[in-house]
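For reference, the structure discussed in these notes is given below.
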Amino acid sequence: MSIQRDERSTALSPMSAQEGRVALSYDPLDPQQIERLALSDAHGGVTTFTGRVRDHNEGEAVVGITYEAYESMALKELSAIAAEGLERFAGTIIVVHHRLGALDIGGVAVVVSVSAAHRAVTFEACAWVIDELKARVPIFKHERRADGVVWVGLGP
């Protein structure tokens, strides 16, 4: 699989038949635009999960988050998750985009959108994709707090 950097948007996406359906971006994510990539006239159900930066974590005030990734590996794993999802949840369209770089409170960090002929599978697939992403994709975050920066999710 080759990787293409889109010079206009600084987005990174795999070149494939599913182009644009899996991406990392340093630019803000637009959930509605990303959801449109999952739409099909044959699909009546669409579920979209939008993950946003919140102002706290584990009792600590957060002022922002910075995401970093081993980009080629992250794209490869995102693509693998999407492919596995298409097999596991037949008849779906799966779209997953993740932000990189600095985000402020309320910033959109990740968007997962799934469509299918009926709604039930879209809920299940969307939850499965975000769970797999969090468990498998090498995207690292550090929280910016008033008292400094803390890496989150590293180690046991």
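The values are calculated or read from the model by the stated rules, or taken from the named source; none is laboratory data. Because the structure is a prediction, the values reported are computed rather than measured. Neighbour counts run over all protein chains shown; Cβ positions are idealised from the backbone, glycine included.
Of note:
- Answer residue from the stretch 56-71, given it is part of a loop (DSSP other than H, G, I, E, B) and in contact (Cβ under 8 Å) with a residue 12 or more places away in the chain and is farthest from GLU143 (Cα to Cα) among those: TYR70
- Boolean, GLU143 is acidic (Asp, Glu) and part of a strand (DSSP E or B): yes
- Scanning the stretch 100-156 for residues that are among the small types (Gly, Ala, Ser), surrounded by 12 or more Cβ atoms within 10 Å (Cβ to Cβ) and under 22 Å from SER72 (Cβ atoms) yields a total of 3.
- Residue match in the stretch 78-87 (condition: touching a Phe, Trp or Tyr at 6+ places or on another chain (Cβ under 8 Å) and modelled with pLDDT of 95 or more): yes
- Leading residue by the ranking (farthest from ASN57 (Cα to Cα)) among those in the stretch 81-90 that are touching a residue at least 40 places away in the same chain (Cβ under 8 Å) and surrounded by fewer than 19 Cβ atoms within 10 Å (Cβ to Cβ): ARG88
- In the set (1) surrounded by 13 or more Cβ atoms within 10 Å (Cβ to Cβ); (2) at pLDDT 95 or above, the condition left unmet by GLY20 is number (2).
- Residue that is in a loop (DSSP other than H, G, I, E, B) and buried (at least 17 other Cβ atoms within 10 Å of the Cβ), where the choices are HIS97, HIS43: HIS43
- Any hit, the stretch 117-127, residues being hydroxyl-bearing (Ser, Thr, Tyr), touching a residue at least 12 places away in the same chain (Cβ under 8 Å) and not in a strand (DSSP E or B): yes
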